[in-house]
Amino acid sequence: MLSAFAAAALALLVAAAGLVDATTLVAARFDGGVVIGADSRTSQGSFVANSGTDKITPVSPGVFLARSGSSADTQFVAGVIEAKLEAYRTEFGRYPTVRAAATATRNLCYANKDQLSAGIICAGWDSREGGSVFSVPQGGSLLEQPFAVSGSGAVYALGYCDDNLRPGLGRDECVSHVRTALEMAVRRDGASGGVIRLCVVSADGVERWTVVPGMTAAAAAGVGEEEEGRREARRASDGGG
């Protein structure tokens with residue numbers, strides 16, 4: 001825990017630097033797993049410090065933290081939680097559930113709520129409860145939800161998510177809605193931008209990929225197919241060799 005003087009000094013530094021909760025995060029459950037999405041822009045005031053940040057951080061097999069807030073604070077939280085979950089696995093011989101990871105995240109954020117600028121979505125899949133989405137907003141509360149939205153761009157995505165991220169969605173439909181919500185936020189929120197990173201976690205494992213806002217779904221899913229088509233064309237021109 002920081003002293004009162006150190007906390008006040010940190011608050012002044014953050015204010016002077018113009019750091020904001022600059023991102024858009026969306027996570028949603030579907031039948032069989034979860035979809036997690038985030039933009040990739042890190043801002044310091046009006047300055048884009050990094051346009052390629054990966055804000056979806058693995059902390060245990062099948063468990064991810066999507067991070068909004070101060071980059072330093074959220075990276076610290078992710079590092080501590082990853083260490084705690086590994087210690088759990090070492091002691092008990094099994095990986096912790098998503099709920100256990102979310103509870104550990106909540107406890108850390110609540111214990112340091114006066115020093116941390118961190119809004120976290122903890123989401124993933126485990127064999128006990130299946131797909132789960134938990135929101136840990138600034139201050140350290142814990143909310144289990146069918147979907148969660150966080151960051152400065154959340155206001156631009158929340159209405160769409162309310163209308164479309166409903167129970168019973170299939171994987172592809174859920175991916176499409178999460179991506180659309182993020183693209184809406186990126187277009188409107190000056191602090192969100194870059195590329196869109198998507199992650200699907202299910203019993204089949206983890207799939208991760210990156211899309212450019214505005215890229216067609218076929219282009220996003222078919223880069224490998226296009227390359228295979230070029231290889232087939234080359235083989236045909238070589239007489240099948």
Number of the exception - VAL34 against (1) surrounded by 24 or more Cβ atoms within 10 Å (Cβ to Cβ); (2) within 14 Å of ILE120 (Cβ to Cβ); (3) within 12 Å of the chain's Cα centre (by Cα): (2)
Of everything in the stretch 86-116, what is at pLDDT below 95 and crowded, with 19+ Cβ neighbours inside 10 Å? Give them in sequence order. LEU116
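Return a yes/no flag: does the stretch 127-139 have any residue that is assigned to a strand (DSSP E or B) and more than 16 Å from the chain's Cα centre (by Cα).
Narrowing the stretch 127-139 to residues assigned to a strand (DSSP E or B): 130-136.
Now narrow it down to the ones that are more than 16 Å from the chain's Cα centre (by Cα): 130.
Within the stretch 127-139, one or more residues are assigned to a strand (DSSP E or B) and more than 16 Å from the chain's Cα centre (by Cα).
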With the first residue restricted to the stretch 46-70 and required to be more than 15 Å from GLY151 (Cβ to Cβ), and the second required to be among the charged types (D, E, K, R) and part of a strand (DSSP E or B), Cβ contacts under 8 Å at 6 or more apart or on different chains are GLY62/ASP126; VAL63/ASP126
Can you find a residue that is over 15 Å from the mean Cα position of the chain (by Cα) and among the charged types (D, E, K, R) anywhere in the stretch 67-80? yes
If I ask for residues that are modelled with pLDDT under 95, touching a strand residue (DSSP E or B) at 6+ places or on another chain (Cβ under 6 Å) and farther than 17 Å from GLY37 by Cβ, which ones from the stretch 138-167 would you list? GLN138
Tell me which residues, restricted to the stretch 167-189, are part of a loop (DSSP other than H, G, I, E, B) and either free of Cβ contacts under 8 Å to residues at least 12 places away in the same chain or closer than 19 Å to GLY124 by Cα (or both). PRO167, GLY168, LEU169, GLY170
Which members of the stretch 121-138 meet the condition of being crowded, with 24+ Cβ neighbours inside 10 Å and touching a Cys at 6+ places or on another chain (Cβ under 7 Å)? VAL136
Please go through the stretch 139-156 and give me each residue that is crowded, with 21+ Cβ neighbours inside 10 Å and either free of Cβ contacts under 8 Å to residues at least 40 places away in the same chain or touching a Ser or Thr at 6+ places or on another chain (Cβ under 6 Å) (or both), ordered by number. ALA148, SER150, GLY151, GLY153
THR105 passes all but one of the listed conditions (1) in contact with a helix residue (DSSP H, G or I) (Cβ under 8 Å, 6 or more places away or on another chain); (2) farther than 29 Å from MET184 by Cβ; (3) without any contact (Cβ under 8 Å) to a residue 60 or more places away in the chain; the exception is number (2)
Out of (1) modelled with pLDDT of 95 or more; (2) surrounded by fewer than 24 Cβ atoms within 10 Å (Cβ to Cβ); (3) not β-branched (Val, Ile, Thr), the one ALA72 does not meet is (1)
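Can you tell me which residues in the stretch 157-166 are surrounded by fewer than 21 Cβ atoms within 10 Å (Cβ to Cβ), in a helix (DSSP H, G or I) and not aliphatic (A, V, I, L, M)? Step through it out loud before you land on a result.
Initially, the stretch 157-166 is screened for residues surrounded by fewer than 21 Cβ atoms within 10 Å (Cβ to Cβ), giving 158-160, 162-164, 166.
From what is left, the residues that are in a helix (DSSP H, G or I) are 158-160, 162-164.
Passing the criteria: GLY159, TYR160, ASP162, ASP163, ASN164.
The values are calculated or read from the model by the stated rules, or taken from the named source; none is laboratory data. Nothing here was measured: the structure is a model prediction, and the numbers come from that model. All Cβ positions, glycine included, derive from the backbone under ideal geometry; neighbour counts span all protein chains shown.
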